[in-house]
1. Taking segment 142-160 on its own, how many of its residues are part of a loop (DSSP other than H, G, I, E, B), of a type outside the set (Gly, Ala, Ser) and surrounded by fewer than 19 Cβ atoms within 10 Å (Cβ to Cβ)?
2. Quick test of your reading of the structure: Thr87 fulfils all but one of (1) part of a helix (DSSP H, G or I); (2) open to solvent by 20 Å² or more (accessible area, probe 1.4 Å). Name the failing condition by number.
3. Please state which one of Arg172, Arg165 is open to solvent by 70 Å² or more (accessible area, probe 1.4 Å) and not in a loop (DSSP other than H, G, I, E, B).
4. Kindly list, by first and then second residue, each pair from a residue in segment 171-187 that is closer than 19 Å to Asp79 by Cα to a residue that is in a loop (DSSP other than H, G, I, E, B) and at pLDDT below 90, limited to pairs with Cβ atoms under 8 Å and residues at least 6 apart or on different chains.
5. Between a residue in segment 37-62 that is over 18 Å from Trp134 (Cβ atoms) and open to solvent by 10 Å² or more (accessible area, probe 1.4 Å) and any residue that is polar (S, T, N, Q) and assigned to a loop (DSSP other than H, G, I, E, B), which pairs come within a Cβ distance under 8 Å, given they are 6 or more apart or on different chains?
6. Please specify each residue of segment 1-35 satisfying the condition of being open to solvent by less than 50 Å² (accessible area, probe 1.4 Å) and among the polar types (S, T, N, Q).
7. Being open to solvent by less than 70 Å² (accessible area, probe 1.4 Å), more than 18 Å from the chain's Cα centre (by Cα) and modelled with pLDDT of 95 or more is the filter here, so list the residues in segment 96-128 that pass it.
8. Restricting the search to segment 129-141, which residues are touching a Phe, Trp or Tyr at 6+ places or on another chain (Cβ under 6 Å) and either modelled with pLDDT under 95 or part of a strand (DSSP E or B) (or both)?
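The values are calculated or read from the model by the stated rules, or taken from the named source; none is laboratory data. Note that the structure is predicted; figures quoted are calculated from it, not measured. Positions of Cβ are generated from backbone atoms using ideal geometry, with glycine treated the same way; all protein chains shown enter the neighbour counts. Please note that ligands, DNA and RNA were not included when accessible areas were found on the heavy atoms of the full protein model with its side chains. Shrake-Rupley method; radii C 1.70, N 1.55, O 1.52, S 1.80 Å.
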Amino acid sequence: MTLRQDIRAFSVDLDTPDLLRLLIKDKFPGEVVVTASLMASSIVALKMISDIDPATPVIFCQRPPVFDESTEYRARIVDLLGLQNVTMNEGHEPEVRPGDKDHCERMAVHYRDLPGRSIQLLHLNDCLAPYKCWISAVYHLPRESSVRNRVDVDGRLIKVDPLIRWTKDDVRAFMREHALPYHKMAKREFSYDGGQAGDTHSTYHF
């Protein structure tokens, strides 16, 4: 039985907090890293992880422009959850290490005065190199069709999608239950050019 099969067998009936505890405390102590964003789904995962071990390394993925509201919100979340090992990364690490593959996160980059967004790929090969288990919790875009399991293999890493079974309603309920704040720019209003006075379009970014 491979390590991936072993973890899947152990975790098939576990809820998300118990799966994360299994990874962080039992299977990969000191060898787990988390990639995160400021999306609500990511905050949910970080809350669970901080309850297990707030010293778990967390890499916040970001690409410019970085809004002041985002910097303030990230600091608030780090303080609220008591995260002790936090770094930021813009994903400029394209060199693939021997025997491995290109480890990436996809992010939607937003702009203050525009309702649109650009999709960018963040390469995270250097920052993930010291670890064996990668909890991927950026959640900026719908997961790719190829992602079907909570536990999988990504090159030499065990890669985990902790909220693969969660709906948006599950995320919102968890945020309410634990009194977790949303990003100030979670909902933004834009006026249509040429539209009637007062017509706006809502976009949800976080």
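1. Number of matching residues: 7.
2. The single condition Thr87 does not satisfy is (1).
3. Arg172
4. Tyr182/Phe206; His183/His205; His183/Phe206
5. Pro54/Gln84
6. Ser11, Thr16, Thr35
7. Val96, Asp100
8. Once the filter is applied, which keeps residues that are touching a Phe, Trp or Tyr at 6+ places or on another chain (Cβ under 6 Å) and either modelled with pLDDT under 95 or part of a strand (DSSP E or B) (or both), segment 129-141 yields only Cys133.
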